[in-house]
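What follows is a short report on a single structure.
The values are calculated or read from the model by the stated rules, or taken from the named source; none is laboratory data. The structure displayed is predicted, hence computed values, not measured ones. Cβ sites come from the backbone with ideal geometry, for glycine too, and all protein chains shown count toward neighbours.
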Amino acid sequence: MTCARVNGRLSNLVKQGLKQWTRSMAGEDLDARLSGSRPRNEYGVDPFGFSLDYALSAIGPFLWLYKNYFRCETFGIEKVPPGRVLLVSNHSGQLPVDGVMIGVAMLTEAKAPRAIRSMVEKWVPTLPWVSTFFARVGQIVGTPENCRRLLEKDEAILVFPEGMKGISKLYPQRYQLQEFGLGFMRLALETNTPIVPVAVIGGEEQAPAIVNVKPLAKLLGFPVMPLTPYGPPLPLPVKYRLHFGDPIYFTGRADDEDVELEKKVKVVKAAIQSMIEHGLKERKAVFW
Amino acid sequence: MNKVVLTGISGNLGRVVAKQLHRVAHVIGIDRRPFVGRPKDIDHVQVDLRKKKVEEVFRKHRPDAVIHMGIMHDPRMTQEDHHSFNVLGTMKVLECAAKYGVKKVVMLSSANVYGPSPENSNFLTEESPLMAASRFPQVRDLIEVDMLAHGFFWRHPEIETVVLRPVHIVGASIKNAPSNYLRLKRPWVMAGFDPMVQLIHTEDVGRAMVAALKPGRKGVYNVTGPGEVPLSAVFAELGHRPIPVPHLVAKPVLSTLFKYRLASYPPEELDHIQFLCMVDGARWTTESGLRPQFTMRETIRSVLGE
């Protein structure tokens, strides 16, 4: 019994310490600037399970990585409009560091900080601890219903239309956009949501995977199991650069034929592609 | 509504509804169990819903409305008993309602018909498929009962049929699976899983059932309580200390315990404390204008009998 109590006190101390750390890096007023952004009940959570308290503790290590490991730089973050918005980005790096970096940037660098959401794979809720962590920091399962509901609540949602194909691409395919899904465009049209294209530079080199070991993936129940020359796909200290584009407003029928939607999706994809090319030309090196 | 037949009146929820209703309507209860502490102005016919005598009750009283909640959930009863009682009982009630000119049928289903799953959206609407039986075949009858009422709705447009699907019902006297689970001082939880849950107080469900009698109201509705909380917050509120059990171990262990009658929960119930099964209750709140009277804290604490 005392053991459990000591344990509880310890985890509370860790939590407080982490929160202090976050504040020291992001500014003491971060809580205040964020607290009005989402409804909270008497148990400190919003209906989707996001907890500001938990998120402020959880974000500490990621904020440190953002500042010191990946030394993330943002360009044009002020272009993200208030209210509902879909951030559409390229996806890479084996581990979703790109999502984390965009999330931290929106939380700490945007004029009006926003806790954004991203849509996670359906296998995430089957993972212990990971599922709870994702839910408390506001990440939810990527079903169209969830996305629609959140956009109607004027939230900012990050989507990676390349999905699994994007994050798991191997080193030779870096910065080559994979096929985009159409789902995000239907939702944007349906809910009248502007799309902000985002190009992430750096992530595509963070874990230069050379092979995807399919039998191992199957054994572990993972969607993919990429390996780098140094083994597991752990991210190298590449420099992250996030380029935010001008919001694009689309009009049209959400239930239009796929061909029509593909045309609109192509516009977004082209915008990201040109931002990627621009970003690659601008940068001096991969690691600094 | 002058005369209301209330099936399953002797259950805890049945008594709550009866007490809310008997001052404004003539309540006729049907239940094979005796009705302990029955107010004098309530009639009670102690008969199995599948029996012929049920028809007699309808013939004699000519009720204006039926509230059907005579549905059995006990996991200890055999499959056959369950299925027969729930499905045949419901068919009998609906058949009588159609035959004897009932104007309104209110049927108690449950948000559990959607079933917990890792693929669920956070808030399921009434149009979501009823998937509960895909992972937990023993609840087939509860889905079938819901679908029977659905079919009845379309076949009898002259009758206003209302199907209510409330979230986990909790209360002091309630002996259903969620209330029993929340009363455990050292409950199992799935290590690393802390799903959001929705609870509703018995009396709030009772009020919803009564409100569903209002002329003009019909259709299928999810009924939600005061909100959503992580399961861990519920136990913190109650002062109970959960035991985290790895989910890969929990299922085989519980299924063995259940088999030898050392546990009262079938292993499939673990899905409810691992995955989401939450519903969107907006349709009901907008159309009925009804808000739960108990706060989240009161609802949670109600299982303790406070």
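Suppose the filter is on the phi < 0 side of the Ramachandran plot and away from chain A (no Cβ under 13 Å); does B:Glu269 pass it?
Values: on the phi < 0 side of the Ramachandran plot: yes; away from chain A (no Cβ under 13 Å): yes.
Spelling it out, B:Glu269 is indeed on the phi < 0 side of the Ramachandran plot and away from chain A (no Cβ under 13 Å).
Selection of first residues in the stretch A:259-285 that are within 19 Å of A:Leu158 (Cβ to Cβ) and of second residues that are modelled with pLDDT of 95 or more and of a type in the set (Lys, Arg), restricted to Cβ pairs under 9 Å at least 6 apart or on distinct chains, gives the following pairs, ordered by first then second residue: A:Gly279/A:Arg241.
Considering the stretch A:115-146 alone, what residues qualify as being facing chain B (nearest Cβ under 7 Å), farther than 18 Å from B:Asp271 by Cα and polar (S, T, N, Q)? Within the stretch A:115-146, A:Thr143, A:Asn146 meet the criteria.
Pairing residues of the stretch B:17-28 that are within 10 Å of B:Ile67 (Cβ to Cβ) with residues that are small (Gly, Ala, Ser) and not in a strand (DSSP E or B), at Cβ distances under 7 Å and at least 6 apart in sequence or on separate chains, gives B:Val17/B:Gly206; B:Val27/B:Ala18.
Scanning the stretch A:224-239 for residues that are surrounded by 12 or more Cβ atoms within 10 Å (Cβ to Cβ), touching a residue at least 24 places away in the same chain (Cβ under 8 Å) and assigned to a loop (DSSP other than H, G, I, E, B) yields A:Val224, A:Pro233, A:Pro235, A:Leu236, A:Pro237, A:Val238, A:Lys239.
Quick grid of which residues meet (1) in contact (Cβ under 8 Å) with a residue 60 or more places away in the chain; (2) within 14 Å of another protein chain (Cβ to nearest Cβ); (3) touching an Asp or Glu at 6+ places or on another chain (Cβ under 8 Å); (4) farther than 20 Å from B:Asp64 by Cα:
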position	(1), (2), (3), (4)
B:Pro157	no, no, no, no
B:Val162	no, no, no, no
B:Phe193	yes, yes, no, yes
B:His201	yes, no, yes, yes
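Each residue in the stretch A:146-156 was checked for being touching a strand residue (DSSP E or B) at 6+ places or on another chain (Cβ under 8 Å) and under 12 Å from B:Asn122 (Cα atoms), and 3 of them qualify. Checked against (1) among the hydrophobic types (A, V, I, L, M, F, W, C); (2) within 14 Å of chain B (Cβ to nearest Cβ); (3) under 13 Å from the mean Cα position of the chain (by Cα), A:Ala105 passes all but a single condition, namely (2). Residues in the stretch B:243-261 that are within 11 Å of another protein chain (Cβ to nearest Cβ) and polar (S, T, N, Q): 0 in all. Residues of the stretch B:100-131 that are within 30 Å of B:Asn2 (Cα to Cα) and either in contact with a Leu (Cβ under 9 Å, 6 or more places away or on another chain) or without any contact (Cβ under 8 Å) to a residue 40 or more places away in the chain (or both): B:Gly101, B:Lys104, B:Val105, B:Val106, B:Met107, B:Leu108, B:Ser109, B:Ser110, B:Ala111. Among the residues of the stretch B:232-242, those identified as touching a residue at least 40 places away in the same chain (Cβ under 8 Å), more than 10 Å from chain A (Cβ to nearest Cβ) and either assigned to a helix (DSSP H, G or I) or exposed (fewer than 14 other Cβ atoms within 10 Å of the Cβ) (or both) are B:Phe235, B:Leu238.
Is it true that B:Asp271 is buried (at least 22 other Cβ atoms within 10 Å of the Cβ), among the charged types (D, E, K, R) and in a helix (DSSP H, G or I)? Break it down into steps so the answer makes sense when it comes.
Numbers: buried (at least 22 other Cβ atoms within 10 Å of the Cβ): no; among the charged types (D, E, K, R): yes; in a helix (DSSP H, G or I): yes.
Answer is no for this residue.
For the stretch A:47-67, what are the residues that are surrounded by fewer than 17 Cβ atoms within 10 Å (Cβ to Cβ) and either in contact with a strand residue (DSSP E or B) (Cβ under 6 Å, 6 or more places away or on another chain) or under 30 Å from B:Met278 (Cα atoms) (or both)? Step through it out loud before you land on a result.
Applying the first criterion (surrounded by fewer than 17 Cβ atoms within 10 Å (Cβ to Cβ)) to the stretch A:47-67 yields A:53, A:61, A:64, A:67.
A:Asp53 - this is the single residue of the stretch A:47-67 that is surrounded by fewer than 17 Cβ atoms within 10 Å (Cβ to Cβ) and either in contact with a strand residue (DSSP E or B) (Cβ under 6 Å, 6 or more places away or on another chain) or under 30 Å from B:Met278 (Cα atoms) (or both).
A count restricted to the stretch A:228-247 and to residues that are among the small types (Gly, Ala, Ser) and touching a helix residue (DSSP H, G or I) at 6+ places or on another chain (Cβ under 7 Å) stands at 1.
Return the total of residues in the stretch A:204-221 being in contact with a Leu (Cβ under 9 Å, 6 or more places away or on another chain) and within 19 Å of A:Phe160 (Cα to Cα). Total meeting the criteria: 3.
With respect to (1) at pLDDT 95 or above; (2) assigned to a loop (DSSP other than H, G, I, E, B), the lone exception for A:Thr74 is condition (2). Filtering the stretch B:274-301 to residues that are more than 8 Å from every other protein chain (Cβ to nearest Cβ) and assigned to a helix (DSSP H, G or I) leaves B:Ala282, B:Arg283, B:Trp284, B:Thr285, B:Thr286, B:Glu287, B:Ser288, B:Glu298, B:Thr299, B:Ile300, B:Arg301. With the condition kept exactly as written, say whether any residue in the stretch B:139-147 is surrounded by 23 or more Cβ atoms within 10 Å (Cβ to Cβ), in contact (Cβ under 8 Å) with a residue 24 or more places away in the chain and closer than 19 Å to B:Asp64 by Cα. No. Here are the criteria: (1) of a type outside the set (D, E, K, R); (2) in contact with a Pro (Cβ under 9 Å, 6 or more places away or on another chain); (3) facing another protein chain (nearest Cβ under 10 Å); (4) surrounded by fewer than 18 Cβ atoms within 10 Å (Cβ to Cβ). Tell me which single one A:Met164 does not satisfy. So the condition that A:Met164 fails would be (3). Within the stretch A:199-223, if we keep just the residues that are assigned to a helix (DSSP H, G or I) and not hydrophobic (A, V, I, L, M, F, W, C), the residue that is nearest to the chain's Cα centre (by Cα) turns out to be A:Gly203. Look at A:Phe70 and say whether it is surrounded by 19 or more Cβ atoms within 10 Å (Cβ to Cβ), under 17 Å from the mean Cα position of the chain (by Cα) and within 14 Å of chain B (Cβ to nearest Cβ). Against the criterion (surrounded by 19 or more Cβ atoms within 10 Å (Cβ to Cβ), under 17 Å from the mean Cα position of the chain (by Cα) and within 14 Å of chain B (Cβ to nearest Cβ)), A:Phe70 does not qualify.
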